[in-house]
Amino acid sequence: LVRGNDVRIINNYLHDMCFHPTFNEGVRASDYGSDANATNRLLISHNTFQGAGRGIIGYPGRAAIVQYNDLSDGMKLATDGALMYWAKDGGNGTVRYNRIHDSQGAVGHTGSGLRGLYWDNQNSGWIAHHNIIWNLTGYAMQVNAPASGDMIFNNTFWNCSSGSILNSFSIDGPTGIN
């Protein structure tokens with residue numbers, strides 16, 4: 001759990017994380033907003049993350065930059081989540097130039113599998129570009145409603161068994177994405 005503003009996590013090799021029955025990911029910021037323990041402007045850059053029982057990077061805080069990381073072999077014990085997963089306001093946080101790949105998920109699970117990048121309900125203000133996501137048993141990315149102000153562009157998704165992007169938006173109503 002990361003707390004504080006302007007924290008930098010750079011050039012690390014982290015492996016075999018989160019093999020315990022909790023909802024937390026390997027790297028995750030504290031809560032957000034005006035809370036005294038909120039994390040803002042976290043930089044997660046040039047790291048290799050390999051092997052996790054659950055997700056690898058959880059909510060990184062507002063105005064975070066998550067870039068040039070290599071994430072693989074996550075979600076080995078869980079089925080509802082992603083290698084990068086969160087459901088909060090991003091404050092124009094950016095996820096860019098990451099490689100998310102080669103994760104098979106929980107052994108024996110036959111459902112929809114894991115996701116590479118998953119913005120769950122109540123997310124807003126996130127930007128994802130120039131990420132490469134491949135070889136996953138599930139969708140490359142999922143965005144749930146309600147959501148607003150998210151931007152997804154110039155990403156490459158390949159060989160994700162369920163497809164590229166899954167969303168929960170009503171087919172006859174507003175998406176919430178603008």
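Computed over neighbours whose Cβ is under 13 Å from that of ASP73, the net charge equals 0, Lys and Arg +1, Asp and Glu -1. Accessible area ranking (1.4 Å probe, heavy atoms, ligands and nucleic acids excluded), largest first, for LYS88, LYS76: LYS76, LYS88. In plain terms, the chain from HIS20 to ASN167 could stretch by 50.0 nm, reckoned as 0.36 nm per residue minus the Cα-Cα distance. For LEU14, what is the net charge nearby, where nearby means another residue's Cβ is under 13 Å from its Cβ and Lys, Arg count +1, Asp, Glu -1? Net charge around LEU14: -3. The amide H of GLY61, built 1.01 Å from its N in the peptide plane, has ALA29 as neighbours under 5 Å, considering only residues 5 or more places off or on other chains. Could you tell me whether segment 81-138 comes out rounded, prolate or oblate from its Cα gyration tensor? Rule is a ≥ b ≥ c as square roots of the eigenvalues, rounded for a/c under 1.5, then prolate if a/b exceeds b/c, otherwise oblate. The shape class here is oblate. Computed from the C-beta positions of GLN122 and ASP80 and an R0 of 22 Å, the FRET efficiency is 0.85 to the nearest 0.05. For segment 1-92, the share of accessible area belonging to carbon and sulfur comes to 46 percent (1.4 Å probe, ligands and nucleic acids excluded).
Ranking ASP16, ASP73, ASP120 by solvent-accessible area of protein heavy atoms (1.4 Å probe, all protein chains present), from largest to smallest, gives ASP16, ASP73, ASP120.
Under a model in which nothing but the beta-carbon of Lys, Arg (+1) and Asp, Glu (-1) is charged, segment 1-138 shows a dipole of about 200 debye around its Cα centre. The length gained by stretching the chain between ASP102 and TRP134 to full extension, at 0.36 nm per residue less their Cα-Cα distance, is 10.9 nm.
The GNM of the chain, with springs linking C-alpha atoms under 10 angstrom apart, assigns the highest mean-square fluctuation among TRP86, TRP158, TRP126 to TRP158. Neighbours of ILE127, meaning other residues whose beta-carbon lies under 9 angstrom from its beta-carbon, give a summed charge of 0 when Lys and Arg score +1 and Asp and Glu score -1. Shape of segment 123-172 from its Cα gyration tensor (a ≥ b ≥ c, root eigenvalues): rounded if a/c is under 1.5, otherwise prolate when a/b > b/c, or oblate? The shape class here is oblate. Between ASN92 and ASP70, the distance separating the two model label sites (each 7 Å from Cα on the Cα→Cβ line) works out to 3.2 nm.
Modelled spin labels at ASN154 and ASN11, positioned 7 Å past Cα toward Cβ, are 2.6 nm from each other.
The values are calculated or read from the model by the stated rules, or taken from the named source; none is laboratory data. The structure presented is a predicted model; accordingly, all values stated were derived computationally and were not measured. For neighbour counting, all protein chains shown are included, and Cβ atoms are generated from backbone atoms with ideal geometry for every residue, glycine included. Heavy atoms of the whole protein, side chains included, go into the accessibility calculation; ligands, DNA and RNA do not. Shrake-Rupley method; radii C 1.70, N 1.55, O 1.52, S 1.80 Å.
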